[in-house]
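*Asks:* Here it is, the structure in full.
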Amino acid sequence: MTEFSLSRRFDFLGHAIAYDVFGEGLPLVCIHGTPFSSVVWRDIARELSHRFQVICFDLLGYGQSDMPDTDVSLGVQNNVLAALFAELALDRPRVLAHDFGGATALRGHILNGLQYSRLILIDPVAIRPWGSPFVQHVRDHESAFAGLPAYLQRALLETYIDGAVARPIATERLAPLVSPWLSETGQKAFYRQIAQMDPKYTDAIESRFDEVGCPTSLLWGVDDEWIPVDSGRRLSRLIPNCQYREIPFCGHLMQWDAPEAIVAEALNFFTATPA
């Protein structure tokens, strides 16, 4: 899984959603955030595939999935997740979700009635405040950013994504995170998904977090500069049956800063005997 190419596709409203399945065992669905793709699970999926059937996919508008000029907001991604569940006939899988993927998992559970046996959330977008000054600026000037020269696009992406980690990140480790957004289509898609970010999609479920009906583990990077750790502490009090742990020396992209923490939590939490 060095290159982490997703070999399978299913249709969502006329658009191709890329996914793949690794290993055998109990199903485990991994949901990435923004501006990332399923590649963030590459090394983690390799480790977990020894114990689980790991299902990775790219959200609509991301990675290897189609990048249409349409709605790719949080308002549609929970429906993409529901379509994946239907495509694979998933019945109460384990779910591992990061950032926007966390919001997608929560919206899928609360709004679409998707059932999970257990849920791990990693620095999820779930409660206000979220959305940096950069995000707000792009929302106001999407067309100007979509036309940036290629060299400026690459520099902006590398600087932006570098802010998601607490430890220095080599250029070669940035490459798989940056590359989906460098083509003409990808560049437009990058600014499109930012322009469509809206807290109304998390506001719609915040008062319903007490409806989360599965054991939940919440991991938060202590050094997360995108969503402060206080948000994790507040969120942990809103979700019932939620265990909360902070990961030191870790930023927003825990998959790059502390993948071993995610693997250990998944192996322990997802195999725990029900109380």
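*Asks:* May I ask for the distance between the Cα centers of region 86-100 and region 202-275, given as a whole number of Å?
*Replies:* Here the answer is 16 Å between Cα centres.
*Asks:* Restrict the search to region 238-275; then list the chymotrypsin sites (Phe, Trp or Tyr not before Pro) that DSSP places in a loop and that have at most 11 other Cβ atoms within 10 Å of their Cβ.
*Replies:* Those that pass, being in a loop and sparsely packed, are 249.
*Asks:* Give the carbon-plus-sulfur fraction of the accessible surface of the chain in %, rounded to a whole number; probe 1.4 Å, heavy atoms of protein chains only.
*Replies:* 49 percent
*Asks:* Taking Cα atoms of region 34-145, Rg/Rh with Kirkwood Rh, to two decimals?
*Replies:* 0.98
*Asks:* On to the next question. Mean residue ellipticity at 222 nm from the helices of the chain, using -39,500 (n - 2.57) per DSSP H segment of n ≥ 4 over the full residue count, to the nearest 500 deg cm²/dmol?
*Replies:* About -11500 deg cm²/dmol.
*Asks:* Using the Cβ atoms and a cut-off under 15 Å, what net charge is assigned to the surroundings of residue 193, where Lys and Arg are +1 and Asp and Glu are -1?
*Replies:* Overall, the nearby charge balance is -4.
*Asks:* Kirkwood hydrodynamic radius (Cα pairs, Å) of the chain?
*Replies:* 18.5 Å
*Asks:* Can you give the Kirkwood hydrodynamic radius of region 62-203 from its Cα pairs, in Å with one decimal?
*Replies:* Answer for region 62-203: a Kirkwood hydrodynamic radius of 16.5 Å.
*Asks:* Probe of 1.4 angstrom, ligands and nucleic acids ignored: what's the accessible area per residue over region 1-76, in square angstrom?
*Replies:* 37 Å²
*Asks:* Shifting gears a bit: Anyone know which of 135, 178, 72 comes out most mobile in the 10 Å Cα GNM of the chain?
*Replies:* Between 135, 178, 72, it is 135 that shows the largest mean-square fluctuation.
*Asks:* Where is the GNM fluctuation largest for the chain (alpha-carbon springs, 10 angstrom cutoff): 60, 218, 13?
*Replies:* Looking only at 60, 218, 13, the largest GNM fluctuation is found for 13.
The values are calculated or read from the model by the stated rules, or taken from the named source; none is laboratory data. Predicted model, so just to flag it, every value in this text is computed and none were measured. We place every Cβ from the backbone using ideal geometry, glycine too, and count neighbours over all the protein chains shown. With ligands, DNA and RNA removed, areas are computed over all heavy atoms of the protein, side chains included. Shrake-Rupley method; radii C 1.70, N 1.55, O 1.52, S 1.80 Å.
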